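A.B. asks: One structure is given below, represented as structure tokens, and several questions about it will come after.
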Amino acid sequence: MTNGAFITFEGIDGAGKSSHIDALAQALRAAGHTVTLTREPGGTPLAEKLREMLLHDSMDALTEALLVFAARRDHLRCVIEPALARGEVVLCDRFTDATFAYQGAGRGFDLEVLSYMERLAQTGVGLQPDLMRSPDLTLWFDVPPEVAAQRLSAARAPDRFESQPVEFFTRVARGYADRAAGAPQRFARIDSSQPREQVAAQLRAVVAARGWLAQTP
Ligand code: TMP
């Protein structure tokens, strides 16, 4: 086991999480933590190549799931586990909850098969072989799919996921809600339909309550 902290950020496309991750990294650094900031799919040269394929090349649901987990294993082995072993705080923009939400709930991929792939990909990477890496805290940016769709339509050219219809994101959002219900200690719901400052304050409060930042009065 390690002393580091593994914090993940989740939510449907357009939930607005990415703009808050840098600010949280800065706050944690100012509080004296060494922070590794990373993302999925991606985070290593190999996983970033897989990300390009996942976001832009057409493929079936099994290929998609296999590539997601291949990228995750490389990322865990080369970046996440070493950083946690050094006692760092790892902030990761998406992790396995995204696979259950997008490939599972969104695409309809069998959840038991995903669980099996999770065990296969996420054990024995610098851990005791029977331990599976899971985040210490997951910040779930929850926003109605219709609001997220409006935010996305104002953004750059959509990728394979962003171009899905709102019904897809409704299923993904339900997938996240199921994951949160299954792990209430680990998940913290952030209401990201609120104005930016209030979302930032919610984030800080959750991270402070876990002892990684000072509490603000
Ligand atoms: P991002 O735009 O938040 O970086 O995420 C890239 C896309 O990849 C996003 O639409 C969600 C998708 N994705 C999955 O489908 N499964 C996964 O396991 C992960 C990590 C991301």
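A.B. asks: With all protein chains present, how much of the accessible area of the range 5-209 (probe radius 1.4 Å) comes from carbon and sulfur, to the nearest whole percent?
C.D. replies: That fraction is 54 percent.
A.B. asks: Then there's this: Which cross-chain or sequence-distant (5 or more) residues have an amide H under 5 Å from the amide H of residue 138, H modelled 1.01 Å from N in plane?
C.D. replies: 8, 187, 188
A.B. asks: Can you give the charge dipole size of the range 5-209 about its Cα centre, rounded to the nearest 20 debye, using +1 on the beta carbon of Lys and Arg and -1 on the beta carbon of Asp and Glu?
C.D. replies: Roughly 420 debye, rounded to the nearest 20.
A.B. asks: Also: Translational D (Stokes-Einstein, µm²/s) of the chain at 25 °C and 0.890 mPa s when Rh comes from the Kirkwood sum over C-alpha pairs?
C.D. replies: In µm²/s, the coefficient is 139.
A.B. asks: Select from 154, 21, 129 the residue farthest towards the positive end of the dipole of the chain; place +1 on Cβ of Lys and Arg, -1 on Cβ of Asp and Glu, and compute about the Cα centre.
C.D. replies: In the chain, that residue is 21.
A.B. asks: Which of the trypsin sites (Lys or Arg not before Pro) found in the range 57-154 are loop residues per DSSP with 14 or fewer other Cβ atoms within 10 Å of their Cβ?
C.D. replies: Answer by residue number: 86.
A.B. asks: So what are the ³J(HN,Hα) numbers for the range 182-190, from phi and the Karplus equation (6.51, -1.76, 1.60; θ = phi - 60°), rounded to whole Hz, Gly and Pro as x?
C.D. replies: Using θ = phi - 60°, the values come out as x, 9, x, 5, 7, 7, 10, 7, 10 Hz.
A.B. asks: Also, quick follow-up: Cut-off 15 Å, label point 7 angstrom out along Cα-to-Cβ of residue 214: give me the residues of the range 1-32 whose amide nitrogen falls inside.
C.D. replies: So the set is 27-32.
A.B. asks: Could you sort 92, 78 by their accessible area in this structure, using a 1.4 Å probe and putting the largest first?
C.D. replies: Largest accessible area first, the list is 78, 92.
A.B. asks: What number comes out for the charge environment of residue 91, summing +1 per Lys or Arg and -1 per Asp or Glu over other residues with Cβ under 10 Å away?
C.D. replies: Value of the local net charge: -2.
A.B. asks: Which trypsin sites (Lys or Arg not before Pro) from the range 17-60 combine a DSSP loop assignment with at most 16 other Cβ atoms within 10 Å?
C.D. replies: Answer by residue number: there is no such site.
A.B. asks: On to the next question. What does the accessible area of residue 216 come to, in Å² to the nearest 10, when a probe of 1.4 Å is used?
C.D. replies: 100 Å²
A.B. asks: Here is a follow-up. Which value, in Å², gives the accessible area per residue of the range 148-190 when a 1.4 Å probe is used on the protein heavy atoms?
C.D. replies: It amounts to 58 Å² per residue over the range 148-190.
A.B. asks: Which stretch or stretches of the range 64-89 have amide N atoms under 12 Å from the point lying 7 Å from residue 159's Cα along the Cα→Cβ direction?
C.D. replies: 68
A.B. asks: I would also like to ask the following. Determine ³J(HN,Hα), in whole Hz, for all residues of the range 202-209 in sequence, where each value follows from phi through the Karplus function 6.51 cos²θ - 1.76 cosθ + 1.60 and θ = phi - 60°; x replaces Gly and Pro.
C.D. replies: For the range 202-209, the Karplus-derived couplings read 4, 4, 4, 4, 5, 5, 5, 4 Hz, x marking Gly and Pro.
A.B. asks: Size of the dipole of the range 34-107 about the Cα centre, Lys and Arg at +1 and Asp and Glu at -1 on the beta carbon, nothing else charged, in debye to 20?
C.D. replies: 140 debye
The values are calculated or read from the model by the stated rules, or taken from the named source; none is laboratory data. Predicted model, so just to flag it, every value in this text is computed and none were measured. Please note: Cβ atoms are built from the backbone with ideal geometry, for glycine as well, and neighbour counts cover all protein chains shown. Just so you know, the surface numbers come from the protein's heavy atoms only, side chains and all, with ligands and any DNA or RNA stripped out. Shrake-Rupley method; radii C 1.70, N 1.55, O 1.52, S 1.80 Å.
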